[in-house]
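Below is one structure, written out as structure tokens, with a few remarks after it.
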């Protein structure tokens, strides 16, 4: 990426905070995910065959905590890390664009309690949140947040924007919800999920802003795409992958994101057959965009199904991949990240490292 494009308003990633069962910081989580570390534990919730449900859960949190309490603890930890340099930048207010769980994805949670806790954790800085900056779209929600953040920054509506995602399916009620639905991977369900949890936040700014302040970006967002799948997972029908195909096509034909192949691909999906078939169809229709040879990492391999946190966590993982790829290649690497919600929302983005 050259200086002209940065000055033209490309979006830079300045701060990052992650909190997962693999680590309480971005660095620890990134390294453990790259190493393929897994931490799945048996819970006291039984599936329909009488076997304990396994989940990737942060054991520092008490098992009796509600979904709201678990999400709040994870989000506050990640938020504070992502904002550690905010004071030195002279920021006094910050728009927050946040991905939240899809309706019906687990037990209910209290949005107001979560947002109030985040506002307290950010003080004295003022977080600006409204209904229009919350995206309850599960795995696709983070990409909606990134697309809106890019629009705001490029239009110079704000000099800084915070994007994030948080979810937990590891509270007892959510574990029981999935057990009743027969969705948990186990002896009687070979095509299911392992519940997970996590949170991630990224501080973004326009390219010109970071240049003026002498900041060193961790990566650059060079393209973002949104779409909708008409035959969603919830409809229990064979997928035609129209939504994901459209999202990949938008990036493939994008003047910047589609200029060359990406070097790696990160998926926010679970290992369920539906999602594998969907990707296969969309990949073949957009092979020119994809890595050659194809390399794909699923967030579920390390953390299970982390729902609305998936995009934010894979975004953080992508920044780590960029560093490794650049070391091997000697030039700027690119990573494609995508996520699809059970209800059909689809999002994807391409990020690039420093040359």
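Those strands (runs of 3 or more DSSP E) of the stretch 47-147 in which at least 1 residues are closer than 28 Å to residue 157 by Cβ and assigned by TED's automatic domain parsing to the domain that holds residue 183, considering only elements entirely within it, cover 93-99, 126-128. Screening residue 344 against (1) modelled with pLDDT of 95 or more; (2) within 18 Å of the chain's Cα centre (by Cα); (3) under 24 Å from residue 29 (Cβ atoms) leaves a single unmet condition, (3). Residue 249 falls short of the stated requirement of being within 30 Å of residue 78 (Cα to Cα), modelled with pLDDT of 95 or more and either surrounded by fewer than 22 Cβ atoms within 10 Å (Cβ to Cβ) or touching a helix residue (DSSP H, G or I) at 6+ places or on another chain (Cβ under 9 Å) (or both).
Among the residues of the stretch 197-217, is there at least one that is in a helix (DSSP H, G or I), in contact with a strand residue (DSSP E or B) (Cβ under 8 Å, 6 or more places away or on another chain), buried (at least 24 other Cβ atoms within 10 Å of the Cβ) and at pLDDT 90 or above? Checking the stretch 197-217: not a single residue is in a helix (DSSP H, G or I), in contact with a strand residue (DSSP E or B) (Cβ under 8 Å, 6 or more places away or on another chain), buried (at least 24 other Cβ atoms within 10 Å of the Cβ) and at pLDDT 90 or above. In the stretch 114-121, is there at least one residue being within 26 Å of residue 41 (Cβ to Cβ) and touching a residue at least 40 places away in the same chain (Cβ under 8 Å)? Yes, that holds for at least one residue. Looking across the stretch 9-31, the residues that are in contact with a strand residue (DSSP E or B) (Cβ under 6 Å, 6 or more places away or on another chain) and either under 24 Å from residue 192 (Cβ atoms) or assigned to a loop (DSSP other than H, G, I, E, B) (or both) come down to 9, 10, 20. Among the residues of the stretch 45-59, those that are surrounded by fewer than 17 Cβ atoms within 10 Å (Cβ to Cβ) and in contact (Cβ under 8 Å) with a residue 24 or more places away in the chain comprise 46, 48, 49, 51, 59.
Taking residue 20 as the residue in question, decide whether it is in contact with a helix residue (DSSP H, G or I) (Cβ under 8 Å, 6 or more places away or on another chain), surrounded by 17 or more Cβ atoms within 10 Å (Cβ to Cβ) and within 26 Å of residue 149 (Cα to Cα). So residue 20 passes the test. Before we move on, is residue 191 at pLDDT 95 or above, surrounded by fewer than 21 Cβ atoms within 10 Å (Cβ to Cβ) and closer than 28 Å to residue 33 by Cα? The answer is no for residue 191. Checking each residue in the stretch 148-195 for being within 28 Å of residue 87 (Cβ to Cβ), in contact with a strand residue (DSSP E or B) (Cβ under 9 Å, 6 or more places away or on another chain) and part of a loop (DSSP other than H, G, I, E, B) picks out 156, 157, 158, 159. If you go through the stretch 92-106 and keep only what is over 17 Å from residue 130 (Cα atoms) and surrounded by fewer than 18 Cβ atoms within 10 Å (Cβ to Cβ), you end up with 92, 103, 104.
Quick check on the stretch 231-243. Is at least one of its residues touching a strand residue (DSSP E or B) at 6+ places or on another chain (Cβ under 6 Å) and not assigned by TED's automatic domain parsing to the domain that holds residue 16? Checking the stretch 231-243: at least one residue is touching a strand residue (DSSP E or B) at 6+ places or on another chain (Cβ under 6 Å) and not assigned by TED's automatic domain parsing to the domain that holds residue 16. Out of curiosity, is residue 42 in contact with a strand residue (DSSP E or B) (Cβ under 7 Å, 6 or more places away or on another chain) and either within 24 Å of residue 323 (Cβ to Cβ) or outside the structural domain of residue 334 (by TED's automatic domain parsing) (or both)? Criteria met by residue 42.
The values are calculated or read from the model by the stated rules, or taken from the named source; none is laboratory data. The structure presented is a predicted model; accordingly, all values stated were derived computationally and were not measured. Glycine also receives a Cβ, built like all others from the backbone with ideal geometry; neighbour counts cover every protein chain displayed.
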